[in-house]
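A short worksheet on the structure shown next.
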Amino acid sequence: MATAADQLMAPASLATIAPVSNGQQSLLATTAAVAMAARNGQEQQELVENQKSTSPKPSPMPNLKLNKMGSVSSKEKRVYKIVLTGGPCGGKTTGQSRLCTFFENLGWKVFRVPETATVLLSGGVKFSDLTEKEAYKFQENLIRTMVQIENTYFELGNSSTRNCLIICDRGVMDASAYISKDKWEKMMAGNKWNPVEMRDNRYNQILHLVSAANGAEDFYSTEKRKRHYQDHACRSEGVDLARELDYKSAAAWVGHPYFDVIDNSTNFEAKMNRLIESVCQKVGIDIGDRLQATSRKLKYLVAMLPPDSEFPPFQDFDVVHHYLQSGGPKVQARLRKRGQKNHWSYIHTQRRPNVHGQARIEVKTQLTHRDYMNLLAQRDDAHFTIYKKRRCFLINNQYFQLDIYKEPGHPRCKGLVLLETYSSLTGDALKNCMPKFLNIVKEVTGDPDYSMFNLSLKEDWSTTKKFCRTATHGKQHEQQQLHQENQNQNQKQYHPYDEISD
């Protein structure tokens, strides 16, 4: 069976790639040998673009176990793969350590994948000494080497008997920040790589730690001196260059469905807590108020869209949502298909309600195409299929998703455009981060009229018992809803469907 590395690489294996400079050949050969040995003698298989059933799976599910009504079993072992990226002095090293300690204390196995660029550059390679051709080939081989190194850890995670967190110090898309767009597209085409596989399917979550050079400049200069004393010779960026690299590394990941920007709006300790909280939230671990998280989902109604030329660099995706029959009135299950140029990723989302005041749990699982097609048999006929064009972009250190609803669908969705983001900012600070080129009509966070669950209902809102009368947000509101439900058993059926759009 083909590994994720097999599908990302060109048909030739690392042992047969084109010759590189002498200074790189020894290190690449050593790394390739280690990775190839870890594959237990598996033969290299050529990438078949339409063989969707073998696409890389961040959460491996070789035998998908279903509960009643088609929901994914919560007892499945988790292998969760994240990328820590960002500009210089963003806190990646500290973040890795904090995440490792936190999840190991929960009983998880944690692997930390080293930064491939640092491994190679520490072997005597200097970019300034390379010719243009050598630099291009170096970047190409860096990606291939990174894939093999990562895959060694991924296979260890798959074989582990415990839940496993795999932390990658940068990922394959980071290489695009250090090469021109034309050369990147040439490299992608030449190796038969595509961004859906490299960016979206390979990792569960991307966390961009904003450089101290962007919002915490005083600490950047202090950290820079520390790095000098620790002999980190390859970390010599000035403030302006650090800001530029920070933006480029963030732009490389725009379009990933679970991309979180951890900025410098708080002190460093709170920044690390926000990092941990973001991962816990996506994994589905209830941490209560242990980390005092303040980041929240915000949703806005947008009027007419401006021309594409007014947007910053963006990525567009086709998105299809199906609601599934669930095991109870307070459990939600849905499928999402998301892709570009006929390359797709598939996600199953299950949400369970609050119990005894605990926060609701949401678990997302990557699916193969085969699993996705099997689960489609559990579609809930009370809901329309939702079709969207999703535009992802980054501006003012804030990551936004713009959902443009498409036909076919209920007439209530015609022309609907919703903007979503996560932020801990409030007041003028939040206002200043919003995209000025969009005509934002109003905030609709928690408004049941803009819940995707309600928008997809086939029945009329005024008569259906399925309509969610109270869209909630935040733990306090959830507790109020639970109390209100206990007080009045005769009210409309409660559905905790204040969705996080996936």
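The values are calculated or read from the model by the stated rules, or taken from the named source; none is laboratory data. This is a predicted model, so every value here is computed, not measured. Here the Cβ is made from the backbone with ideal geometry for all residues, glycine too, and neighbour counts use every protein chain on show. For accessibility, only protein heavy atoms count, side chains too; no ligands or nucleic acids. Shrake-Rupley method; radii C 1.70, N 1.55, O 1.52, S 1.80 Å.
Results, tabulated for the structure shown:
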read-out: For region 158-165, Karplus couplings with θ = phi - 60° (6.51, -1.76, 1.60), whole Hz, Gly/Pro x; value: 5, 8, 5, 8, 10, 4, 9, 9
read-out: Peptides ranked, highest mean first, by Cβ atoms within 10 Å: ranges 133-139, 120-126; value: 133-139, 120-126
read-out: Placed amide H near GLY86: partners under 5 Å, 5+ positions off or other chain; value: LEU209
read-out: Probe 1.4 Å, accessible area per residue of region 296-474, Å²; value: 44
read-out: Per residue accessible area in Å² of region 120-164, where ligands, DNA and RNA are left out and the probe is 1.4 Å; value: 48
read-out: SER309 accessible area, assembled protein chains, probe 1.4 Å, Å²; value: 110
read-out: Protection proxy ranking of 340-347, 77-84 - average other beta-carbon atoms within 10 Å, highest first; value: 77-84, 340-347
read-out: Relative contact order, percent, region 364-412 [alpha-carbon distance under 8 Å, six or more residues apart]; value: 31
read-out: In Hz, Karplus ³J(HN,Hα) per residue of region 430-440 (6.51, -1.76, 1.60; θ = phi - 60°; x = Gly, Pro); value: 5, 4, 6, 8, 6, x, 6, 7, 9, 8, 7
read-out: Label-point gap, in nm, between TYR387 and SER180 - each point 7 angstrom along Cα→Cβ; value: 3.9
read-out: With every protein chain in place, region 296-474: carbon and sulfur % of accessible area (1.4 Å); value: 51
read-out: Percentage relative contact order, region 296-474, counting C-alpha pairs under 8 Å, at least six apart; value: 27
read-out: For region 296-474, average projected area of the Cα convex hull in nm²; value: 11.7
read-out: Amide H within-cut-off set for LEU367, under 5 Å, with H built and near neighbours excluded; value: TYR346, ILE347, HIS348
read-out: Largest to smallest accessible area among ASP182, ASP449, ASP371 [probe 1.4 Å]; value: ASP182, ASP449, ASP371
read-out: Carbon + sulfur, % of accessible area of region 90-212 - ligands and nucleic acids excluded, 1.4 Å; value: 51
read-out: Charge context of CYS413, other residues only, Cβ under 13 angstrom, K/R +1, D/E -1; value: +3
read-out: Cα-Cα separations in region 72-127 greater than 20 Å, expressed as whole percent; value: 43
read-out: For LEU324, distant residues with modelled amide H under 5 Å away; value: ALA333, ARG334, LEU335, ASP380
read-out: Calculated from backbone phi, Karplus (6.51, -1.76, 1.60) coupling profile of region 114-126 in Hz, x at Gly/Pro; value: x, 6, 4, 4, 5, 4, 6, 5, 6, x, x, 7, 10
read-out: Counted charge near LEU298, where neighbours are those whose Cβ lies closer than 9 Å (Asp, Glu -1; Lys, Arg +1); value: +1
